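Structure, as structure tokens:
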Amino acid sequence: MKTSKVGEVMTSEVIEARRETPFKDVAQLLALHRISGLPVVDADDKVLGVISETDLIRRQAAQAEQNHQERRFRLPVLRRKVRIAAAKARAMTAGQLMSTPAITVHPEQGVADAARVMERHHIERLPVVDEEDRLIGIATRRDLLRVFLRTDEEIRQEIIDEVLTRAMCLPSHTVIVSVHDGMATLEGRLERRSDIPLVVQLAWRVDGVVGVMNSLTFRIDDTRPPETHASRRIAHHWLPER
């Protein structure tokens, strides 16, 4: 069963910054190319960190707050969080402003896996790196969402061809598949009950599927242990007594 990889949907032409790129140049790059973030790389194109519009906004806000606080009083010892905010406020280069460590993915990773990484870390983009951790592309939320632009008929046909026919080796028309707005509905009767969760799981993995409605039934419940019967001794009264 074919699953879209990050390398198939990523953007190969990446707008990037160097550690020494001035803060104002970073802001200009974001505005000029209409992007919300970019990676920071070293001389070997290895990703050092990532800068987003949020980092720029926080820098400006932190600078304003720091100026306000300095006019009021100075604390002799600052907590780590406050020190980091103060450093961001004074950031003059991409290296001082970037968020580290950079969370990256490889081009052979699945789109669904990359989406989970984004969700887990609450980020909008993932630098894509090769085996030597050099930048080769970038995957944004918009890039990953391309797999959900498939038509319902394309999704339905892949479930039939790849899941039911190839993976499960089910006879034709055993399962009726319908798809509406990415929601797949499975109806029919399988031979074994244990096959139902497997079919549902495989259908979930098809690119573009946003949900699976399971209406499958079964003929044999092979998930229950076979019934055991106590052995019965048959008295053969016709045998001659000794």
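The values are calculated or read from the model by the stated rules, or taken from the named source; none is laboratory data. Treat the numbers as computed from the prediction; the structure is a model and nothing was measured. Heads up, the Cβs are rebuilt from the backbone with ideal geometry, glycines too, and the neighbour counts pull from every protein chain shown. Surface accessibility is based on the protein's heavy atoms, side chains included, excluding ligands, DNA and RNA. Shrake-Rupley method; radii C 1.70, N 1.55, O 1.52, S 1.80 Å.
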Completion exercise
Log10 I(q)/I(0) at q = 0.17, 0.25 Å⁻¹ for region 89-180, from Debye over equal alpha-carbon scatterers, is -0.87, -1.18
Exercise for the section: Report in % the part of the accessible area of region 173-217 that belongs to carbon and sulfur, leaving out ligands and nucleic acids; probe 1.4 Å. Expected result: 53 percent
Practice task
Quick one: net charge around Ile220, please, counting Lys, Arg +1 and Asp, Glu -1 for every other residue with C-beta under 12 Å from its C-beta.
Solution key: +1
Practice task
Round to the nearest 0.05 the FRET efficiency obtained for Trp204 and Gln28 when R0 = 41 Å and r is the Cβ-Cβ distance.
Solution key: 0.40
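Excluding ligands, DNA and RNA, what is the solvent-accessible area per residue of region 96-193 at a probe of 1.4 Å, expressed in Å²?
Result: 59 Å² of accessible area for each residue.
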Problem - Stretch gain in nm, segment Thr54-Thr185, where the contour uses 0.36 nm per residue and the Cα spacing is subtracted - result: 43.1 nm
Completion exercise
Judged on accessible area alone, 1.4 Å probe, highest first, Ser52, Ser178 line up as Ser178, Ser52
